[in-house]
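A.B. asks: Could you have a look at this structure, given as structure tokens, before my questions?
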Amino acid sequence: MTGYVLGRLFAAVPVLLAVAVFVFLLLSLVPGDPAALIAGDFASPQQVEAVRQALGLDQPLLQRFLSWMGRMLRGDFGLSLFSRIPVSQLIAQRIEPTLILSLMTIVIAVLFAVPLGLVAAYRPKGVVARVTMAGAVLGFSVPVFVVAFALVYTLALGLRWFPVQGYKPLSQGAWAALHSLVLPAISLSFLYIALIARVTRAAVLEVLREDYVRTAHAKGLANRKIVSRHVLSNAAVPIITVIGIGFAALLGGVVVTETVFSIPGLGRLTADSILRRDYPVVQALILLFAGVYVVVNLAVDILYAVFDPRIRY
Amino acid sequence: MKRPNILLAASFAAGFLGAMSPAFAETVLKIRPFGDLKQIDPVITSDYMVRNHGYMVYDTLFSLDEKLAARPQMLETWTTSSDQLTYTFTLRGGLAFSDGKPVTSDDAVASLKRWWQRDGLGQQLAAISDGLTVRDDKTFELKLKRPWGLVIEALSKPSSNVPFIMPKAIAATPADTAITDPTGSGPFIMKKDEWVPGSRVVYVKNPAYKPRQEPASGLAGGKLAKVDRVEWHYIPDAQTALNALQAGEIDIFEEVPPDFLPTLAGNPDIKTMPQDTLGMQMVFRMNTSKPPFDNQKVRQAIRYMIDQEKFARAYVSDPALYKNCPSFFMCSSPYFTDEGWVKPDIEKAKKLIAESGYDGTPVVVLHATESGPTNTFSLVAEQLMRQIGLKVEPQAMDWGTLVGRRSSKEAVDKGGWSLFMSGPTGADMFEPVGHLGLRANCDKAWFGWPCDEQIEKLRGEFAFAADDEQKKKIAGDLQKRAVDYVPYWPAAQLYLVRAVRSDLDGILKAAVPVYWNISRK
């Protein structure tokens, strides 16, 4: 197993290098000029040029790439072109709310979706199954921002149970941080509940048809034991895959939710940095997201072996 | 066994409650600014958010009061020699930066020398200057090559770039390299460790600040920080900001979209007021260096095409929030004139296009979609241009792409452009010399590069005018020439609105939004 993990981590290095080259070239092709944005709307062309030179943006592409790669290999992500704050500090400021929001969303989703999917598979014609599947369609089709505004209107503006927007950092207390993220996590979890419930139902349905489940029933094993020992562990692979991919996607792609709830997370940092052409920040973020996908995929692969004894590396 | 558990629980609860309640009642003002503070150097950029940040942490030598009159701010006195060639400035006693060091003439001179490398009006002052020197700790002197009537106007400039005074060591930073240290001598101190770009900026009261004794008026007078802490929370979504204001999570909401105003009208906890006293001018900016707008007749057709009422009402329905201002200068400017102005007449516009020899070259519109007024005004412009016979090619983009694209001087079929809409604040469209849209010095002019010797000659003369009467006459002549040449055309004058919680008191009417003098009732 250790060899497998190390091999996978080494294999990630060329992937990350390829991502770095691709992102750098892509950003150099995107129209827009950070120097013009920094100088402001009313700067003269000469002033914009002076800023461009001061930032080194007038240098040839290859020279800029080599200099950036050199710094990256030393672990230096550079400075934001705008705030002149180290990129690593900007990311560190934003990673906490995104990480907690992603974890809360996945926990809520798993807590609801797995039991619902399970029940829906066991009693495919029951009320729970019908409601779950109808709810799943709704969860897929209603945009997150609609759910978000509905929750804000009722639970924040109406009942005043939660704040309308903003994030309280962990330094102000764990309860404050969690409380400020309840509504965004619920809004986001609708989609993931739908997704995980459907996958759980399909995977469990497939396992229920297997001979060993029928044998377990014939042996007179209690339903609870059949579910925990035989059904769930054998149906785990697709469920874990979806949860893993969902978690990775949440870490990098909750721009709308972060915007609606004004949460200073990685999604908004990415969107803002792209809009203002803050190249060092965008490059570092995309590398980070690529790294997250590599690690999450590796974790998912390891979990396969934990849940399914047939899988060994 | 139970006793220790109870004690443990009690001590935990006490600790928890202790952590929940602040050691003292800190007064906090929470603002949703109109934009994000992306950087902190008010000299390198003309970004209005950075200008507003500058007013929090820096002070100025002169400031404009509520009636837009220049008044000394950091200065005790100032004198002019009889030949109008030497200005002597004396700083007030007791001024200090937030790090405790006193403000000296060295700081003022270094700050002005950095500022005048970047600012348009400052550059003119630098060109006419024969030396800016320190006489002693409190006194410095500006010598001119010839009398120039805009010295005080330049030093009291309310909008970008504002001549803020910084410590000499910081002002020594090259003018095209951004400063990173926000130390200033203004009423507030920026808490840089709490700055989260894209989300939050925090300021606390500057204990070293020495306000003037006069009451606050506009940007002038005593700048009293009446709250301990000011927090700018950048909430990108306007609906979320509105919800936050209604829930009392923020106190002030800048640049409220006009369609939200009816929602706020019936709320007794919230009042609305103009964001600044000058408003903004929407600018129809043409690329005069490339077809079709290199053709003066096509540009003259645009004059007749633009009906300010139509443009403004597409964005806002309340007549109090816009003005038809038949002038290149803001209606509130002392240099306002309607001389030579033409009335909108779509038939005349069509006729001029027909006479112009227009060959069907597409008008490439750089259309920024994410900004409220800019988006609406671009849509109206596109429709009207089609109506008068121009071929229009709108290109939707974000503002970041627009500012990159507009520096291109290529033809439209090679990535160039013909038109964009912008909305500079009134303070930047106030008088002929600092007026960005009227600058017509070819390659050195603002994007669009109008090139007209007569306009430049009149702008130059304005700076040397002997008195106000002569200045007004030159402004009138300049307007007549600009109406004929058409370097751009004003598409309306808008007033931005901010919504504030009703329990706030002391919000100042000023040329730009400022946040001292505010307290809770």
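The values are calculated or read from the model by the stated rules, or taken from the named source; none is laboratory data. Computed from a predicted structure; not experimentally measured. Positions of Cβ are backbone-derived with ideal geometry, glycine not excepted, and every protein chain shown enters the neighbour counts. Each accessible area value is taken on the protein alone, full model and side chains, heavy atoms only, with ligands, DNA and RNA left out. Shrake-Rupley method; radii C 1.70, N 1.55, O 1.52, S 1.80 Å.
A.B. asks: Under a crude label model (7 Å from the Cα following the beta-carbon direction), how far is residue A:145 from residue B:208 in nanometres?
C.D. replies: It is 4.5 nm.
A.B. asks: Compute the label zone of residue A:305 within the range A:212-239: residues whose backbone N is under 17 Å from the point 7 Å along Cα-to-Cβ.
C.D. replies: Under cut-off, by backbone N: A:237.
A.B. asks: Okay, moving on. How large are Rg and Dmax for the range A:2-73 when only the alpha carbon atoms are used, in Å?
C.D. replies: Cα only, the range A:2-73: 17.5, 59 Å (Rg, Dmax).
A.B. asks: Need the C-alpha centroid separation for the range B:152-197 versus the range B:452-521, integer Å.
C.D. replies: A separation of 23 Å, based on Cα centres.
A.B. asks: Please pull out the direction-averaged projected area of the protein assembly as shown, using the convex hull of its alpha-carbon atoms, in nm² to one decimal place.
C.D. replies: 43.8 nm²
A.B. asks: Quick one: the Cα spread of the range B:58-182 along its three principal axes, in angstroms, biggest first?
C.D. replies: 39, 32, 32
A.B. asks: Residue farthest toward the positive end of the dipole of the range B:380-521, with Cβ of Lys/Arg at +1 and Asp/Glu at -1: which of B:482, B:432, B:402?
C.D. replies: In the range B:380-521, that residue is B:402.
A.B. asks: Can you give the FRET efficiency for residue A:123 and residue A:172, using 1/(1 + (r/R0)^6), R0 = 51 Å, r = Cβ-Cβ distance, to the nearest 0.05?
C.D. replies: 0.70
A.B. asks: So, one more: Which helices of chain A meet both criteria: a Cα extent of 24 Å or more along the helical axis and a mean Kyte-Doolittle score no lower than -0.5, with helices taken as whole DSSP H segments?
C.D. replies: Working: long enough: A:2-29 (41 Å, 2.20); A:87-122 (50 Å, 1.69); A:174-208 (43 Å, 1.58); A:232-252 (30 Å, 1.90); A:279-307 (42 Å, 2.00).
For chain A, where a helix must reach 24 Å along its axis and average at least -0.5, the hits are A:2-29, A:87-122, A:174-208, A:232-252, A:279-307.
A.B. asks: Could you give the DSSP H helices of chain B that reach 24 angstrom or more along their long axis (alpha carbon positions) and whose average Kyte-Doolittle hydropathy is no lower than -1.0?
C.D. replies: Helices meeting the span and hydropathy rule in chain B are B:2-20.
A.B. asks: Going by a 1.4 Å probe on protein heavy atoms, which residues of the range B:216-250 end up with at least 40 Å² less accessible surface in the whole assembly than in their chain alone?
C.D. replies: At a threshold of 40 Å² (probe 1.4 Å), the residues of the range B:216-250 that become less exposed are B:236, B:240, B:243, B:247, B:249.
A.B. asks: Residue by residue through B:35-44, how many Cβ atoms from other chains fall within 10 Å of the Cβ on average?
C.D. replies: Rounded to a whole number, the mean comes out at 4.
A.B. asks: Considering amide H positions built from the backbone, and no H for Pro or chain starts, which residues 5 or more places from residue A:79, or on another chain, come under 5 Å of its amide H?
C.D. replies: Hits under the 5 Å cutoff: A:87.
A.B. asks: Also, I was wondering about something else. What distance in nm separates the simple spin-label points at residue A:64 and residue A:131, each placed 7 Å from Cα in the Cβ direction?
C.D. replies: With each label point 7 Å from Cα toward Cβ, the separation is 5.7 nm.
A.B. asks: What's the whole-number percent of alpha carbon pairs in the range B:280-494 lying beyond 29 angstrom? Mind dumping the intermediate values first?
C.D. replies: Numbers: 4569 of 23005 pairs.
I get 20 percent for the Cα pairs in the range B:280-494 exceeding 29 Å.
A.B. asks: What FRET efficiency comes out for the pair residue B:464/residue B:86, r = Cβ-Cβ distance, R0 = 25 Å, nearest 0.05?
C.D. replies: The value I calculate is 0.90.
A.B. asks: Still on this structure: For the interface of A with B, what's the total buried accessible surface in square angstrom, probe 1.4 angstrom, rounded to the nearest hundred?
C.D. replies: When A and B are taken together, about 3800 Å² of accessible area is lost.
A.B. asks: I'd like the carbon and sulfur percentage of the solvent accessible area for the range A:87-312, probe radius 1.4 Å, heavy atoms only, ligands and nucleic acids excluded. Walk me through the numbers before you get to the answer.
C.D. replies: Working: 7230 of 10300 Å².
Of the solvent-accessible surface of the range A:87-312, carbon and sulfur hold 70 percent.
A.B. asks: Quick one: which bits of the range A:152-177 get at least 50 Å² less accessible when the partner protein chains are in, versus the chain alone, with a 1.4 Å probe?
C.D. replies: A:157, A:164, A:165
A.B. asks: Also, quick follow-up: Please calculate the 1.4 Å probe accessible area of residue A:122, with all protein chains present, and give it to the nearest 10 Å².
C.D. replies: 50 Å²
A.B. asks: A further question on this structure: Go through the range A:249-274 and flag every residue whose accessible area shrinks by 10 Å² or more with all protein chains in place compared to the isolated chain (probe 1.4 Å).
C.D. replies: Listed by number, the residues meeting the 10 Å² cut-off are A:259, A:260, A:262, A:264, A:268, A:272.
A.B. asks: What are the lysines whose alpha-carbon lies under 17 Å from the alpha-carbon of residue B:409, with same-chain residues fewer than 8 places away excluded?
C.D. replies: B:290, B:444
A.B. asks: Leaving out ligands and nucleic acids, and using a 1.4 Å probe, what accessible area per residue does chain B come to in Å²?
C.D. replies: Counting only protein heavy atoms, the per-residue value for chain B is 38 Å².
A.B. asks: What is the pair-distance distribution P(r) of chain B, computed from all Cα-Cα distances in 20 Å bins starting at 0, with each bin given as a whole percent?
C.D. replies: Spelled out bin by bin, chain B gives 21, 51, 23, 4, 1, 0 percent.
A.B. asks: Using a 10 Å cut-off on Cβ to Cβ distances, tally the other chain neighbours for every residue of B:395-406 and report the average as a whole number. Numbers along the way, then the final one.
C.D. replies: Details: counts 0, 0, 2, 6, 5, 12, 6, 5, 14, 10, 4, 4.
For this peptide, the per-residue mean of nearby foreign Cβ atoms is 6.
A.B. asks: So what does the Cα-only Debye profile of the range A:87-312 read at q = 0.11, 0.18 Å⁻¹, as log10 I(q)/I(0), no solvent term?
C.D. replies: -0.64, -1.27
A.B. asks: Within the accessible area of the range A:2-73, what % is carbon and sulfur when the probe is 1.4 Å and the other protein chains stay in place? Walk me through the numbers before you get to the answer.
C.D. replies: Numbers: 2720 of 3730 Å².
The value for the range A:2-73 is 73 percent carbon and sulfur by accessible area.
A.B. asks: Below 26 Å Cα-Cα, how many Lys pairs turn up in the range B:49-190? Only count pairs eight or more apart in sequence, or on different chains, if you could.
C.D. replies: Close lysine pairs found across the range B:49-190: 17.
A.B. asks: Report the net charge of residues surrounding residue B:114, where surrounding means a beta-carbon distance below 15 angstrom and charges are Lys +1, Arg +1, Asp -1, Glu -1. List each step's numbers first, then the result.
C.D. replies: Numbers: positive: B:113, B:118, B:157, B:168; negative: B:41, B:106, B:107, B:119, B:176, B:181.
That sum, taken over residues with Cβ under 15 Å, equals -2.
A.B. asks: Here is a follow-up. Within the range B:158-178, list the residues whose amide N lies under 16 Å from a label point set 7 Å along Cα→Cβ of residue B:101.
C.D. replies: B:165-174
A.B. asks: Heavy atoms of the protein only, probe of 1.4 Å, neighbouring chains included. What is the accessible area of residue B:130 in Å², nearest 10?
C.D. replies: The accessible area comes out at roughly 100 Å².
A.B. asks: Return one whole number: the accessible area per residue of the range A:2-73 in Å², for a 1.4 Å probe. Please report the intermediate quantities before stating the final value.
C.D. replies: Working: 3730 Å² over 72 residues.
Result: 52 Å² of accessible area for each residue.
A.B. asks: Within 15 Å, Cβ to Cβ, of residue B:28, how many net charges do the neighbouring residues add up to if Lys/Arg are +1 and Asp/Glu are -1?
C.D. replies: Residues near residue B:28 contribute +3 overall.
A.B. asks: What's the magnitude of the charge dipole for the protein assembly as shown around its Cα centre, counting Lys and Arg as +1 and Asp and Glu as -1 at the beta-carbon? Answer in Debye, nearest 20.
C.D. replies: 2800 debye
A.B. asks: Related question: How many angstrom lie between the Cα centre of the range B:253-291 and the Cα centre of the range B:398-418?
C.D. replies: The range B:253-291 and the range B:398-418 have Cα centres spaced 26 Å from each other.
A.B. asks: If you don't mind, there's one more thing I want to ask. Can you give me the solvent accessible area of residue A:217 with a 1.4 Å probe, rounded to the nearest 10 Å²?
C.D. replies: Per-residue accessible area (residue A:217): approximately 80 Å².
A.B. asks: R0 = 51 Å: FRET efficiency of residue B:347 with residue B:27, Cβ-based, nearest 0.05?
C.D. replies: 0.25
A.B. asks: Round to a whole number: what % of the accessible area of chain B belongs to carbon and sulfur, probe 1.4 Å?
C.D. replies: Carbon plus sulfur share of accessible area: 52 percent.
A.B. asks: Next up: Go through B:133-139, A:110-116, B:492-498 and give me the packing order, highest mean Cβ count within 10 Å leading.
C.D. replies: Final packing ranking: B:492-498, A:110-116, B:133-139.
A.B. asks: In the protein assembly as shown, what cysteines have no partner Cβ closer than 4.7 Å?
C.D. replies: Result for the protein assembly as shown is empty; each Cys has a Cβ neighbour under 4.7 Å.
A.B. asks: Hey, another quick one. Using a 1.4 angstrom probe on the protein heavy atoms only, line up B:325, B:331 by accessible area, largest first.
C.D. replies: B:331, B:325
A.B. asks: Arrange the residues B:141, B:76, B:393, A:258 by how much accessible surface each exposes, largest first, with a 1.4 angstrom probe. Before the final figure, lay out each step's value.
C.D. replies: On the way: B:141 25, B:76 105, B:393 75, A:258 0 Å².
Largest accessible area first, the list is B:76, B:393, B:141, A:258.
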